[in-house]
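Participant: Pasting a structure below so you can have a look.
We did not get these values from a lab; they are worked out from the coordinates using the rules stated. Everything quoted here is computed from the prediction, not taken from an experiment. Every residue, glycine among them, receives a Cβ derived from its backbone with ideal geometry; neighbour counts consider all protein chains shown.
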Amino acid sequence: MASGSAKFHVVVSGNNSVIPFTQQFDLDEAITMPENPQSRQQEVTRLVSDMPTVSYATGSCSVCMESFWQSEEAARQVPCGHVYHHNCITDWLLNGDSNSCPLCRHEISG
């Protein structure tokens with residue numbers, strides 16, 4: 001069983017039978033979950049909107065692998081200089097475990 005995981009049995013009131021509780025609860029995951037998902041969304045939206053827009057990006061986005069010139073989506077430059085589609089870096093920051101560049105792991109902070 002993973003570190004921080006626990007296995008529980010549930011006693012049903014009234015008939016004293018023990019029913020195995022098959023779902024696992026990972027305490028480590030629960031501790032690291034953001035307290036308010038809406039505030040996390042607002043924080044990431046603010047971070048990405050504060051990033052410089054790159055009008056003529058070359059190459060491709062390393063998150064989705066799509067070429068910048070084939071996409072009409074705005075490109076954003078993170079503090080380390082790497083460039084990503086607006087939606088790609090937003091999704092990366094929302095779904096990742098930290099605020100870091102997908103390529104070099106440089107911290108992205110506001």
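Participant: For the range 34-95, give the magnitude of the charge dipole about the Cα centre (Cβ charges: +1 Lys/Arg, -1 Asp/Glu; no others), in debye to the nearest 20.
Facilitator: 120 debye
Participant: Oh, and also: At 7 Å along the Cα-to-beta-carbon direction for both Ile31 and Leu103, put a label point, then send me their distance in nm to one decimal.
Facilitator: Roughly 3.5 nm, to one decimal.
Participant: Right, here's the next one. How high is the relative contact order of the range 34-95, given as a whole-number percent (alpha carbon pairs under 8 Å, six or more residues apart)?
Facilitator: Averaging sequence separation for qualifying contacts and normalising by length gives 32 percent for the range 34-95.
Participant: Amide H to amide H, which residues 5 or more places from Val54 or on other chains are under 5 Å from it, using H placed in the peptide plane?
Facilitator: The answer is Ala75, Arg76, Gln77.
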